[in-house]
Every structure is written in C-alpha cells, then in structure tokens.
Amino acid sequence: MFFKDKEIQTVTVDSNTTRKVLAHSEQMMYAKVMFAKAQKGEIPLHKHVHEQITYVMKGSFQFMIDDGVTKDIQIVKVGDSIHFPSNVLHGCIPLEDDGILLDAFTPARADFL
C-alpha cells in the first residue's frame, strides 16, 4: 500500500517523455509524466477506455480534446486540471522543458504496469 519514490522505476515512453507509475490498485492509478519541450507540429492524439484526470504540476501544455463533435484546444499551466472521459481522443504538446503532469486513471492502466 506504500509506494516509495526511490523504489519506483522511471520508464522512457518516447524521445521527450518519461513516466513513473505511482500508487495504484486495480480500480485506480496515479502516474507522474515528465516531458521535454516538444517540437511544433500537430498534437498526437490517442484514446483509451480509462477515464482520466490530469493535473499540471510544472510547465505548460497545449491540450486537445476531440469528442467527435468539437475539438477543444487550450493551453494549461501549473494548477490547471483536465478531465478526459472514456474513449475520447486527446493529446498534448509540452510547451517548455521539464513539464510534469500527474495523471489519474480509472480503472488502472494494466498496459503501464
């Protein structure tokens, strides 16, 4: 039930993204995601069955949520949070180095474990 930071492995997701899976159960999960500034371009979108809430811990990000009817694009900064319903396209571009997001998922993402 205790997840000590020094014992949690950092995983490289891609060339500018690393992740640490924090406390989790089968029903929910926290993940700390660290970013380097991304190159300009289109926002890479993805979706998953998990409901997600994201909190911006450090930096700023340009997010898009595409629910199939509207595409909402906004810049979020420290202290902002976002809700992503299940199976809705979304993605972000980190706008500066050393950005950090805290993601909560329900149910837990088995693909992260």
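The values are calculated or read from the model by the stated rules, or taken from the named source; none is laboratory data. For clarity, every value in this text was computed on a predicted model and none was experimentally measured. When we count neighbours, we look across all protein chains shown, and the Cβ atoms used for this are built from the backbone with ideal geometry, even at glycine. What goes into the accessible areas is simple: the full protein's heavy atoms, side chains included, and nothing from ligands, DNA or RNA. Shrake-Rupley method; radii C 1.70, N 1.55, O 1.52, S 1.80 Å.
The figures follow:
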{"quantity": "Odd one out for Q62, checked against (1) of a type in the set (S, T, N, Q); (2) in a strand (DSSP E or B); (3) closer than 26 Å to K6 by Cβ", "calculated": "(3)"}
{"quantity": "Hits in the stretch 94-113 (condition: within 17 Å of Q39 (Cα to Cα) and crowded, with 19+ Cβ neighbours inside 10 Å)", "calculated": "P94, G99"}
{"quantity": "Residue in the stretch 73-84 that is free of Cβ contacts under 8 Å to residues at least 40 places away in the same chain, more than 24 Å from Q39 (Cα to Cα) and either in contact with a helix residue (DSSP H, G or I) (Cβ under 6 Å, 6 or more places away or on another chain) or not in a strand (DSSP E or B) (or both) present", "calculated": "no"}
{"quantity": "Criterion: among the polar types (S, T, N, Q) and open to solvent by 60 Å² or more (accessible area, probe 1.4 Å) - qualifying residue of S15, S25, S60, S86", "calculated": "S15"}
{"quantity": "Residue check for Q74: modelled with pLDDT of 95 or more and surrounded by 13 or more Cβ atoms within 10 Å (Cβ to Cβ)", "calculated": "no"}
{"quantity": "Hits in the stretch 18-52 (condition: among the β-branched types (V, I, T) and either at pLDDT below 95 or in a helix (DSSP H, G or I) (or both))", "calculated": "I43"}
{"quantity": "Test: residue in the stretch 91-101 that is among the hydrophobic types (A, V, I, L, M, F, W, C), under 25 Å from M28 (Cα atoms) and touching a residue at least 60 places away in the same chain (Cβ under 8 Å)", "calculated": "yes"}
